[in-house]
1. Give the label of the value calculated from the structure for semi-axes √(5λ) of the Cα gyration tensor in Å, choosing from [x] 51, 22, 20; [y] 39, 27, 20; [z] 36, 32, 24.
2. Given an 8 Å cut-off on Cα distances and at least 6 residues of separation, report the relative contact order of segment 157-284 as a percent.
3. Can you give me the relative contact order of the chain as a percent, contacts being Cα pairs under 8 Å and 6 or more apart?
4. Take every DSSP beta bridge whose two residues both sit in segment 3-94, then give the antiparallel share in percent to the nearest 5.
5. Would you check the chain for Lys pairs whose C-alpha atoms are within less than 12 Å, ignoring same-chain pairs closer than 8 in sequence, and give me the count?
6. With contacts defined as alpha carbon pairs under 8 Å and 6 or more residues apart, what's the relative contact order of segment 101-219 in percent?
7. Could you tell me which of rounded, prolate or oblate describes segment 101-219, using a ≥ b ≥ c as the square roots of the eigenvalues of the alpha-carbon gyration tensor, with rounded for a/c under 1.5 and, failing that, prolate when a/b is larger than b/c and oblate otherwise?
8. In terms of the Cα gyration tensor, with a ≥ b ≥ c the square roots of its eigenvalues, is segment 260-318 rounded because a/c is under 1.5, prolate because a/b exceeds b/c, or oblate?
Amino acid sequence: MNDRSSADLRDQLRAIVGERGLVPAAEQAAFENDWRDSYHGRALAVVRPGSTEEVARVVALLASEGVAIVPQAGNTSLCGASVPDGSGRQVIVNVSRMNRVRAVDPENNTMTVEAGCILANLQAEAERHDRLFPLSLGAEGSCEIGGNLSTNAGGTGVLRYGNTRELVLGLEVVLPDGRIWNGLRGLRKDNTGYDLKHLFVGAEGTLGIVTAAVVKLFPRPRAMSTAFVAVESPRGAVQLLSFLRGRVGERITGFELFPKHCVDLVVRHIPGARDPLSGSYEWSVLVELSDSTDVGALDLLLQEALEAAVEEGLVQDAMFAASETQRQEIWMLRENITEAQKPERISVKHDIAVPVSRVPDFIEQAGARLRERFPDIRIVAFGHVGDGNIHYNTSNPDPAATRERAAYSPEVNRIVYDVVTALGGSISAEHGLGQLKREEITRYKSEIELDLMRAIKRTLDPRGIMNPGKVL
């Protein structure tokens, strides 16, 4: 596309979305680069439609011109899914202006929201109706629900409430030809053929643009009880989880694993952070219960359960949050691990999942194989052990090799992913594939799975214009 035709296309886009909806060329960089500064692209244009109808008209125009489309919400992707390539020929369709809560139905425990709604705002809106929207993750102050849906985001509440896929009942999607599929149904039961919404959840914008969703709400918990608990090992953490489930049932909302050096990293780099435990323990877990009962009763339930766990040899030490401030201080350790790693060396990050029972095997086997190849490697393994999702980050002891990450990461990735696959796991638990793992997935998914994925892509997007170069 030459300069004149590019200018003509920008004029046509402006006619659809107005001046406010077309980002000036000089201001596009914020949309062309990811927030971690890992992926950089160049777009022909960045449009910010204000409605589903405008999205549909934009997509229809670009489809007629054969112009590739990069759907984008909050642009907090960790795998480069929301960033264009460097050709300058792709158009970013950013949905952030579409940020209305269309309806809240407390009796049905549903909320109908547009794709540009910031996750934290949806949590607050649910709370205003005495309800809970349980999706919660570190980027919730800036990520948007359209991106959460497109990546099937996980977060800290998966153990009790499930990931994003399990929190959505209906979708509205603009298809790659500009048609609008209105599947905004708030039904728990609908057995009328293929459940189409699940094609788009986790598709990372490769099959269409999610413009709105009906999401599940839950009764708002009246009480939360939180503790920071020292355990002997990851295997001890899994045993403690099983023990607590037998004692407190489904009240367990959070169960997050920490190695000691993770806590040390946060304390060293995050102002106000402190280790809740006075002793030095190699492994700890954050345990949180929530319920509609009185907070005193819930605290007592957790304390009695952990006291019984001490008697069973499953707990070495524990600190209970006696106030909301202390609870926030404990969660501050978990939520700032990624931020605390930034001042240290560049790390190779992995977002893997294995069956919960195999988490200890993964940590042991991956660590042994990596240290055999890189004796001084630093490993930071933490995260959602309650649902089998471990964030497994490594850095090279050689600063020069760390800077040349391309020379270091392929071998690390192969070691980690081979262990994950041998244990029946996934190389991406909650961050998606994007550009980062697009090639890796061909080694770890069966050919029939890849063929089925390609067939779905060809059916819905035969011209291949929707977020090309991502996932497949």
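1. Structure-derived value, by its label: [y].
2. In percent, rounded to a whole number, it is 27.
3. Over the chain, the number comes to 15 percent.
4. Around 20 percent antiparallel, to the nearest 5.
5. On the way: 349/437; 437/445; 437/470; 457/470.
Lysine pairs meeting both conditions in the chain amount to 4.
6. 33
7. Cα axes put segment 101-219 in the prolate bin.
8. Because a/c hits 1.5 or more and a/b fails to exceed b/c, segment 260-318 counts as oblate.
Coordinate-derived values only; no laboratory data. All values derive from a computational prediction rather than experimental measurement. With ideal geometry, Cβ positions are generated from the backbone for all residues, glycine too; neighbour counts draw on all protein chains shown.
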